[in-house]
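K.L.:
Here it is, the structure in full.
Every number in this text was worked out from the coordinates using simple rules, so none of it is lab data. These numbers come from a predicted model, not from an experiment. Here the Cβ positions follow ideal geometry from the backbone for every residue, glycine too, while neighbour counts run over all protein chains shown.
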Amino acid sequence: MLFNLTLMTCLSLFSTKDTLSCCVGENIPTRAGMIKSQIAQLKSKTTDKMILVEGGKFLMGSSNFEDSKPLHQVELNSFYMDEHEVTNAQFAEFVKETGYVTVAERELDPKDFPGVDPKMLVAGSAVFSKPKELNSLNNYLMWWVYVPGANWQHPEGPNSSIKDKMNYPVVQVAYEDATAYAKWAGKRLPTEAEWEYAARGRKDANDDLYYWGKDLKPNGKWTANIYQGKFPVQDSKEDGFEGTAPVKSFQANALGLYDMEGNVWEWCADFYRPDYYQHSTTANPKGPQDSYDPQEPNLEKRVQRGGSFLCNDQYCERYKAGSRGKGEVNSPTNNVGFRCVKDIN
Ligand SMILES: [Ca+2]
Ligand SMILES: [Ca+2]
């Protein structure tokens with residue numbers, strides 16, 4: 001009733017001198033209101049929905065990658081999995097409620113960095129930075145830069161923001177950050193086997209090169225946020241996105257899960273060892289007892305899966321079905337995130 005009266009008053013004044021003040025007062029939203037409303041709209045695209053992944057047997061691994069051999073049968077119980085990667089909105093809720101401080105935001109302890117001038121030890125994280133030119137792909141430090149002040153709220157550094165990216169996947173999260181969120185949410189990180197089983201989605205698709213099928217671009221369309229162009233100097237973003245994409249920008253897999261391949265790497269619970277599949281248990285494998293990466297034997301690594309917006313056939317093909325990734329547990333980047341699972345009971 002009040003609205004009708006106000007509207008009628010406004011309409012009745014339409015031809016009078018007072019029209020402007022009435023319409024400005026009643027119909028033009030404030031700047032703060034608009035920003036709030038747009039943030040709410042972005043948030044509303046985020047859901048806490050989980051998908052039931054019915055247990056069963058599948059052939060895990062890939063004959064295309066050394067550390068994914070051999071293909072071996074695995075049997076899993078049913079579980080629920082987040083339908084999309086954990087978003088900034090979801091992670092912000094967790095931080096607001098708990099006051100949690102992520103690894104990238106914490107001060108660095110000189111004891112962990114012997115021989116380094118303490119003045120150089122500033123909280124921050126690794127950010128992808130495209131070099132102007134590049135002669136070889138042998139040195140990844142040519143496109144990864146340690147940026148002081150980079151963290152989940154400022155994924156590319158202090159001047160970047162997630163304000164308009166609440167429905168994008170949270171990044172710059174270390175393994176510990178992901179497990180802390182999962183615990184708060186009453187969930188856990190998926191095992192590597194659960195992640196792969198869910199990503200495959202279709203039980204008849206074990207030989208396919210991609211999780212979505214045999215062709216890179218079914219019907220001529222990109223089906224995941226990866227990298228096109230000349231890595232790492234020129235991202236032609238044929239798939240529509242340079243950097244991360246909002247969750248659910250691409251079609252879901254057969255189970256209803258989004259962005260299992262590409263967008264951001266996803267932390268799994270398992271320690272990483274390249275030889276684990278040679279003696280993995282068959283039923284509900286949970287990974288080896290410890291980690292070992294011959295390339296960096298002294299670092300503790302956990303599995304990451306699915307590849308990211310930086311994956312391409314020139315450099316990193318680990319978005320392909322059955323392939324594995326790995327990350328040092330305290331080294332977040334702006335292309336690594338996660339999603340959670342939950343047991344049925
Ligand atoms: Ca892309
Ligand atoms: Ca992903």
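K.L.:
In region 298-341, which GluC sites (Glu not before Pro) fall in coil by DSSP and have 16 or fewer other Cβ atoms within 10 Å?
P.N.:
Within region 298-341, the qualifying GluC sites (Glu not before Pro) (loop, at most 16 other Cβ atoms within 10 Å) are Glu300, Glu317.
K.L.:
With contacts defined as alpha carbon pairs under 8 Å and 6 or more residues apart, what's the relative contact order of the chain in percent?
P.N.:
It comes to 22 percent, rounded to a whole number.
K.L.:
Taking the Cα centre of region 178-238 as the origin and placing charges on Cβ (Lys, Arg +1; Asp, Glu -1), which of Ala199, Asn225, Tyr181 is farthest toward the positive end of the dipole?
P.N.:
Of the listed residues, the answer is Tyr181.
K.L.:
Right, another one. Straight-line reach from Lys96: which lysines fall under 19 Å, measuring Cα to Cα and dropping same-chain residues less than 8 apart?
P.N.:
Counting by Cα, and skipping residues close in sequence, Lys96 has these lysines nearby: Lys36, Lys43, Lys163, Lys165, Lys183, Lys187.
K.L.:
Would you mind ranking His72, His279, His154, His84 by Cβ crowding within 10 Å, fewest neighbours first? Don't skip to the answer; put the middle values down first.
P.N.:
Numbers: His72 17, His279 9, His154 21, His84 27.
Ranking His72, His279, His154, His84 by Cβ neighbours within 10 Å, fewest first, gives His279, His72, His154, His84.
K.L.:
Radius of gyration and Dmax for region 236-282's Cα atoms, expressed in Å?
P.N.:
Here Rg and the maximum Cα pair distance are 15.2, 42 Å.
K.L.:
Anything in the chain that counts as a DSSP H helix reaching 18 Å or more along its axis (C-alpha) with Kyte-Doolittle mean of at least -1.0? List them, would you?
P.N.:
Membrane-span-like by this rule: 31-44.
K.L.:
Additional query: Grab every C-alpha pair in the chain, bin the distances at 10 angstrom width from 0 up to the longest one, and report whole percents.
P.N.:
Distribution as computed: 5, 23, 31, 21, 9, 6, 4, 1, 0 percent.
K.L.:
Suppose the chain between Thr281 and Glu133 were pulled fully straight at 0.36 nm per residue; how much longer would it get relative to their current alpha carbon spacing? Working shown, then result.
P.N.:
Numbers: separation 148, 0.36 × 148 = 53.28 nm, distance 4.60 nm.
The Thr281-Glu133 span can extend by a further 48.7 nm.
K.L.:
Please compute one quarter of the surface area of the Cα convex hull for region 191-262 and express it in square nanometres.
P.N.:
Details: hull surface 22.0 nm².
About 5.5 nm², averaged over all directions.
K.L.:
Here is a follow-up. Applying a 10 Å radius around every beta-carbon, put 164-174, 85-95 in order of their mean neighbour count, most first.
P.N.:
Working: 164-174: 24.8, 85-95: 22.5.
Top to bottom by mean Cβ count within 10 Å: 164-174, 85-95.
K.L.:
If each residue's Cβ is checked for other Cβ atoms within 10 Å, how do Glu107, Glu54 rank with the fewest at the top?
P.N.:
Ascending number of Cβ neighbours within 10 Å: Glu107, Glu54.
K.L.:
Oh, and also: Please list log₁₀ I(q)/I(0) at q = 0.11, 0.14 Å⁻¹ for region 202-323, using the Debye equation with identical point scatterers on the alpha-carbon positions.
P.N.:
Those come out to -0.44, -0.69, one per q.
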